[in-house]
1. With the requirement that a residue be within 22 Å of residue 39 (Cβ to Cβ), touching a helix residue (DSSP H, G or I) at 6+ places or on another chain (Cβ under 8 Å) and near the ligand (Cβ under 9 Å from one of its atoms), what does the range 90-108 give you?
2. Restricting the search to the range 70-89, which residues are more than 12 Å from the chain's Cα centre (by Cα) and either open to solvent by 20 Å² or more (accessible area, probe 1.4 Å) or in contact (Cβ under 8 Å) with a residue 40 or more places away in the chain (or both)?
3. In this structure, is residue 42 in contact with a helix residue (DSSP H, G or I) (Cβ under 8 Å, 6 or more places away or on another chain), among the β-branched types (Val, Ile, Thr) and over 13 Å from residue 98 (Cβ atoms)?
4. Can residue 54 be described as touching a Ser or Thr at 6+ places or on another chain (Cβ under 9 Å) and either open to solvent by less than 50 Å² (accessible area, probe 1.4 Å) or small (Gly, Ala, Ser) (or both)?
5. What number goes with the only condition from (1) touching a residue at least 60 places away in the same chain (Cβ under 8 Å); (2) open to solvent by less than 50 Å² (accessible area, probe 1.4 Å) that residue 39 does not pass?
Amino acid sequence: MAYDPNNVFARILRGEIPCKKVFENAHALAFHDIRPQAPVHVLVIPKKVIRTHADITPADAALIGHLHVVAAKAAADLGLADGYRVVVNSGDRGGQTVPHLHVHLLGG
Ligand code: AMP
């Protein structure tokens, strides 16, 4: 399936839709989920276009690791010292609704 350049996370990355930002650098953006499934529900996304978990290649290894570094920092910053869940839904049958790779951080 082709990448939809107008999916909601692509539009957030372009600044066309606002988000409640938690962290941003050259490689990643973290923001609060608009429909939180837990007291803390943050999404961490790469700035690089990666549609789904199944599209990750060996060249993306450092970037994928970086998303987890960002998630761990967000968890610490948001007071999740007692623990949290990290979830990636992939593909239509994996519950993915937005076709830009994202890591869910759920806690509290
Ligand atoms: P998934 O079902 O794994 O693709 O997760 C997509 C997530 O994006 C859902 O938890 C949505 O609530 C969230 N979401 C959709 N639109 C926005 C938005 N504009 N800002 C923040 N989160 C959003």
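The values are calculated or read from the model by the stated rules, or taken from the named source; none is laboratory data. Everything quoted here is computed from the prediction, not taken from an experiment. Here Cβ is always computed from backbone atoms with ideal geometry, including for glycine, and neighbour counts include all displayed protein chains. Each accessible area value is taken on the protein alone, full model and side chains, heavy atoms only, with ligands, DNA and RNA left out. Shrake-Rupley method; radii C 1.70, N 1.55, O 1.52, S 1.80 Å.
1. Going through the range 90-108, the residues within 22 Å of residue 39 (Cβ to Cβ) turn out to be 95, 97-98, 102-108.
Filter again for touching a helix residue (DSSP H, G or I) at 6+ places or on another chain (Cβ under 8 Å), leaving 98, 102-103, 105, 107.
98, 102 - these are the residues of the range 90-108 that are within 22 Å of residue 39 (Cβ to Cβ), touching a helix residue (DSSP H, G or I) at 6+ places or on another chain (Cβ under 8 Å) and near the ligand (Cβ under 9 Å from one of its atoms).
2. Kept after step one, since they are more than 12 Å from the chain's Cα centre (by Cα), are these residues of the range 70-89: 72-73, 75-85.
Listed by number, the residues that qualify are 72, 73, 76, 77, 78, 79, 80, 81, 82, 83, 84, 85.
3. On the way: in contact with a helix residue (DSSP H, G or I) (Cβ under 8 Å, 6 or more places away or on another chain): yes; among the β-branched types (Val, Ile, Thr): yes; over 13 Å from residue 98 (Cβ atoms): yes.
Criteria met by residue 42.
4. Here the answer is yes, as residue 54 does meet what is asked.
5. (2)
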